[in-house]
1. With respect to Phe136, is the statement that it is in a strand (DSSP E or B), within 30 Å of Thr224 (Cβ to Cβ) and aromatic (Phe, Trp, Tyr) true?
2. Quick check: anything in the stretch 169-190 of a type in the set (Val, Ile, Thr), out of contact with any Cys (no Cβ under 7 Å at 6 or more places or on another chain) and open to solvent by less than 40 Å² (accessible area, probe 1.4 Å)?
3. Among the listed residues Ile241, Ile215, Ile247, which satisfies the condition of being in a loop (DSSP other than H, G, I, E, B) and of a type outside the set (Asp, Glu)?
4. Is it true that Arg206 is in a strand (DSSP E or B) and charged (D, E, K, R)?
5. Within the stretch 140-163, work out how many residues are touching a Lys or Arg at 6+ places or on another chain (Cβ under 7 Å) and either open to solvent by less than 40 Å² (accessible area, probe 1.4 Å) or charged (D, E, K, R) (or both).
6. May I ask you to list the residues in the stretch 11-29 that are assigned to a loop (DSSP other than H, G, I, E, B), without any contact (Cβ under 8 Å) to a residue 60 or more places away in the chain and more than 30 Å from the chain's Cα centre (by Cα)?
7. Select from the stretch 160-209 the residues that are acidic (Asp, Glu) and under 25 Å from the mean Cα position of the chain (by Cα) and write down the one among them that is nearest to Gly52 (Cα to Cα).
8. Give Ile251, Ile247 a once-over and let me know the one that is over 20 Å from the mean Cα position of the chain (by Cα), open to solvent by 60 Å² or more (accessible area, probe 1.4 Å), over 20 Å from Asn105 (Cβ atoms) and among the β-branched types (Val, Ile, Thr).
Amino acid sequence: GYEASVTSNNIRKKDFSWTTRFNITIPESKLLRLPTQANQNSNYVLGKPVTGILLYKYNGINPQTGYYSFTDGKGVTDDFTNIFTQKDKTEFIDLAPKYFGSLTNSFAYRQFALDFSINFTSRMGRNLLSNALQPFGVFGANGSTMWLDRWQQPGDQTDVPKVSTQFINFNRQMLFKESTGAYSDATYARLQNVSLRYSFNESLNRTLHLKNGSIYLQGQNLLTLSKYDGLDPENLSTTVIPPLRMITAGINLTL
């Protein structure tokens, strides 16, 4: 892959300075050869990244039936249930990040210092619909508010299937989880850290009989920008708590 890192001293004066640091990584991989006894059910494809996965082709919600629609390996599109094989997995998605990195800015004005960093990642990830443990409505299973947009009558255009208590919906859900419909763009940018600090000047330190003193305010995970519909685009899980937003303040005194 490729990596780049840049540091820029944008402003450097007596009472004010501004420094920017930027880094980015673009990972790449390609499978060049397969063992002669390669597993026929594996996700490895010659010429493709080793971090990808083979999937069924998803064609959205059938507006007439409200069920998931797929296209098999022969090009036939229908509301299939469980008659697919490995040969029907015609689509490939790379799950490794396309790129990731961070941007950090540091400002200093006399006794004040402000630092903030933004982390960003571009990748694909399992969406909220594919993380459902079982189809909504089966065995009284609950779900998120996305089910308010479910298919309800012929002609409805939606990304959420109909609600049904039919046991065969388990098969439909399993096919969906192994299709391109289960993955969405999980690109995000997160304001990871913010720190504001005021350092006592020499006169105040002498008055308070200190060697050094400062007051600080810090924040973590304050803001995340993403179109991802799950709980968190970083851990991509509905069973793991997303990074907590934390704000701390304190005083450092050195006697």
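1. Working: in a strand (DSSP E or B): no; within 30 Å of Thr224 (Cβ to Cβ): yes; aromatic (Phe, Trp, Tyr): yes.
No.
2. Step one: of the stretch 169-190, the residues of a type in the set (Val, Ile, Thr) are 180, 187.
Now narrow it down to the ones that are out of contact with any Cys (no Cβ under 7 Å at 6 or more places or on another chain): 180, 187.
Restricting the remaining residues to those that are open to solvent by less than 40 Å² (accessible area, probe 1.4 Å) gives 180.
Yes, the stretch 169-190 contains a residue that is of a type in the set (Val, Ile, Thr), out of contact with any Cys (no Cβ under 7 Å at 6 or more places or on another chain) and open to solvent by less than 40 Å² (accessible area, probe 1.4 Å).
3. Ile241
4. Spelling it out, it is not the case that Arg206 is in a strand (DSSP E or B) and charged (D, E, K, R).
5. 6
6. Once the filter is applied, which keeps residues that are assigned to a loop (DSSP other than H, G, I, E, B), without any contact (Cβ under 8 Å) to a residue 60 or more places away in the chain and more than 30 Å from the chain's Cα centre (by Cα), the stretch 11-29 yields Lys13, Lys14.
7. Selected residue: Glu178.
8. Exactly one residue qualifies, and that residue is Ile251.
The values are calculated or read from the model by the stated rules, or taken from the named source; none is laboratory data. On a predicted model such as this, the values are computed, not experimentally measured, just so you know. All Cβ positions, glycine included, derive from the backbone under ideal geometry; neighbour counts span all protein chains shown. With ligands, DNA and RNA removed, areas are computed over all heavy atoms of the protein, side chains included. Shrake-Rupley method; radii C 1.70, N 1.55, O 1.52, S 1.80 Å.
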